[in-house]
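The next block holds one structure in the form of structure tokens; read it before the comments.
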Amino acid sequence: MLKRVNVFNAIDIANWFLWKNKIEQIENITEYDEYEVYEGLTHLKLQKLIYFAQGLFLAYTKKPLFNEKVMAWEHGPVVKEVYNNFSRFKRNEITIDLNKKELDIIDKLEAEEKISTVLNFVYENFGKYTAWQLREMTHIKGGPWEKIVSEKGLNNEIPQKLMGLYFNKYVEEEK
């Protein structure tokens, strides 16, 4: 497994997505809106965004964004540490207030150009889909989740190398 020199973990990345989604909701809701344009993040959707971020960061930098394992679970890729932290929300929108330490970490993530670029790319390009649409995207034939499940079954790690190779096509398209 490739090791990052940075101190960011999957929970930090999850918190960034929650923060970004909240900022987008606040910025895009006007007094005339009768409904919220931006869907809140559910646990399922958050897991998929983290997976896309890890895969794209691996393709872009050849290094992992975080060191926790991404596992092939029934509904797609899952980082167990993130699951344990947010599963209490079940299918509901995750609503948390980030503390000062967590917000300081988000500032550090934002200050890292490559990390900020990838996280914003993932949010802008994948955040617009529903949790179930993202789940279906992770189950695509030939994708890392499908390869691991077909070769080894559920509940096995999706190797970083496999994710990086698969997501390389997105990085190549952007060049």
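Please identify the helices of the chain, taking whole runs of DSSP H, that span at least 20 Å along their own axis as judged from the Cα atoms and have a mean Kyte-Doolittle score of 0.0 or higher. Write down the numbers at each step before the final one.
Numbers: long enough: 10-28 (27 Å, -0.31); 43-61 (27 Å, 0.58); 160-174 (21 Å, -0.79).
What comes out of the filter, once short or polar helices are dropped, is 43-61.
The listed peptides 137-148, 70-81, ordered by packing as a protection proxy, come out as 70-81, 137-148 (highest mean of other Cβ atoms within 10 Å first).
Normalised by the number of residues in the range 99-163, what is the relative contact order in percent for Cα pairs under 8 Å and 6+ residues apart?
On the way: 20 pairs, mean separation 8.8, N = 65.
The normalised contact order for the range 99-163 reaches 14 percent.
For the chain, averaging the sequence separation of C-alpha pairs within contact (under 8 Å, six or more residues apart) and dividing by the residue count gives a relative contact order of 33 percent.
Applying 0.36 nm per residue to the separation of Glu74 and Tyr129 and subtracting their alpha-carbon distance, the gain on full extension is 17.9 nm.
Put simply, when 58-69, 40-51 are sorted by average Cβ atoms within 10 angstrom per residue, most first, you get 40-51, 58-69.
No lab work stands behind these numbers, since they all come straight from the coordinates. Being a predicted model, the structure only gives us computed values, none of them experimental. Note that we place each Cβ from the backbone using ideal geometry, even for glycine, and neighbour counts take in every protein chain shown.
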